[in-house]
Amino acid sequence: MALTQRTLDLVNIPSESRSEAELYDYVISAVPLEQAYSDGESVLFAKREGKPLVLLAGHTDTVPAQGNLPGRIEDGAVVGLGASDMKAGLAVMIELARWAAETELAYDLGLLFFPREELGPAENPLPGVFERTQLVDEAQLVICLEPTDNTLQLGCLGNLNARAVFEGKSAHSARPWLGVNAIKLAFEGLAPVLEAAPRDVEIDGLVFREVISVTQLNAGIASNVIPARAEAILNFRYAPDRTPESAVERVRELVGADVEILANSPPAHVALRSPLVEQLRAVGGFEVQPKQAWTNVADFAARGLDAINLGPGGTRYAHAVDERVEISELERTYDALQRFLAG
């Protein structure tokens, strides 16, 4: 089937983050729709007829290879780097575009391909794309084809990173009473974080689990020196009922006002009540789940758009050395979106 071969072709084009030019050129040549925007890295295609706009979105990059290129077809699956996250989703987008070019649709269709998703918020190209094209803001529904095992994953957690520094006083380790051990200060100061229980938040019947963790701890300069400084990195995955500002307040409540906020990506609202989401759920018979992570749906949601995650990739295979996507799951996503877009 063309969809399977398309996925394998995409897998076999290396596109590690920041090295995506070849895949960009491939997408340009494969999609027969009009380009509404391009900056040489991100490209937005559109078929416009004055109907409500549905936007499909996907990133073109992968994590580094682990000896899993070239790809292959094996045991009913496409196997290889990026097969699940998210060359499968890109293949669905391209094949839908080729079908849509010759088909009367119930909706206008947009397709946004963008780079460097795997590098995190610091290199997120989407805010720049949004500034330079107004078409995205017209979308009645945004579908990000990240791997979801063909479940509709709604909303997403916010993602805050912070740095906490604990200052002590150095001394010889044979005479520790002459100093103040910054590691001891860190353990005491971080105790509220380490002991914080998960907070479950139910929104429209979906339960998000809010958690805060210490993910890095650095201290000490030698085995015989009482450390004068300890530095901890905190990660707060906060529920969609919080604002970014209230997330900052919560971290400072736990650790102290001096904590430094390094990055703060907002959550996405739960679009369960969108008529288009309900239509898509019914057409595909998809299970609905909360998104227990941060994804680019939050970038769209921040602009007031209803955005969801739905993709054929298996979450358990994303970034794994044996990354793969089942061909039957590819076909299920494609068939459901085709029926949805056809009305």
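The values are calculated or read from the model by the stated rules, or taken from the named source; none is laboratory data. Treat the numbers as computed from the prediction; the structure is a model and nothing was measured. Ideal geometry is used to build each Cβ from the backbone, glycine not excepted, and the neighbour counts take in all protein chains shown.
Looking only at residues of the range 239-297 that are touching a residue at least 60 places away in the same chain (Cβ under 8 Å) and over 23 Å from the mean Cα position of the chain (by Cα), we find that the one that is farthest from Arg163 (Cα to Cα) is Gln279.
Counting only strands (runs of 3 or more DSSP E) that sit completely within the range 1-110, those holding 1 or more residues that are exposed (fewer than 15 other Cβ atoms within 10 Å of the Cβ) and in the same structural domain as Leu305 (by TED's automatic domain parsing) correspond to 34-38, 72-74. Among the residues of the range 224-278, those that are more than 23 Å from Asn181 (Cα to Cα) and among the basic types (Lys, Arg) comprise Arg237, Arg242, Arg250, Arg273. For the range 247-262, the criterion of being crowded, with 23+ Cβ neighbours inside 10 Å and in a loop (DSSP other than H, G, I, E, B) is satisfied by no residue at all. Would you check if Glu202 is modelled with pLDDT of 95 or more, acidic (Asp, Glu) and more than 19 Å from Asp306 (Cα to Cα)? The answer is no for Glu202. When Pro290, Pro244 are checked against the criterion of being touching a strand residue (DSSP E or B) at 6+ places or on another chain (Cβ under 6 Å) and either closer than 30 Å to Leu69 by Cα or not assigned by TED's automatic domain parsing to the domain that holds Asp108 (or both), a single residue qualifies: Pro244. The range 263-343 holds strands (runs of 3 or more DSSP E) entirely within its bounds, and those carrying 2 or more residues that are closer than 29 Å to Thr243 by Cβ map to 288-290, 307-309.
Against the numbered list (1) within 30 Å of Gly311 (Cβ to Cβ); (2) in contact with a helix residue (DSSP H, G or I) (Cβ under 8 Å, 6 or more places away or on another chain); (3) surrounded by fewer than 18 Cβ atoms within 10 Å (Cβ to Cβ), Gly158 comes up short only at (3).
In the range 196-236, which residues are assigned to a strand (DSSP E or B) and among the hydroxyl-bearing types (Ser, Thr, Tyr)?
Within the range 196-236, Ser213, Thr215 meet the criteria.
Is it the case that Asp322 is acidic (Asp, Glu) and crowded, with 22+ Cβ neighbours inside 10 Å?
no
Taking the listed residues Gln134, Gln140, the one that is at pLDDT below 95, of a type outside the set (Asp, Glu) and farther than 30 Å from Ala232 by Cβ is Gln134, with no other qualifying.
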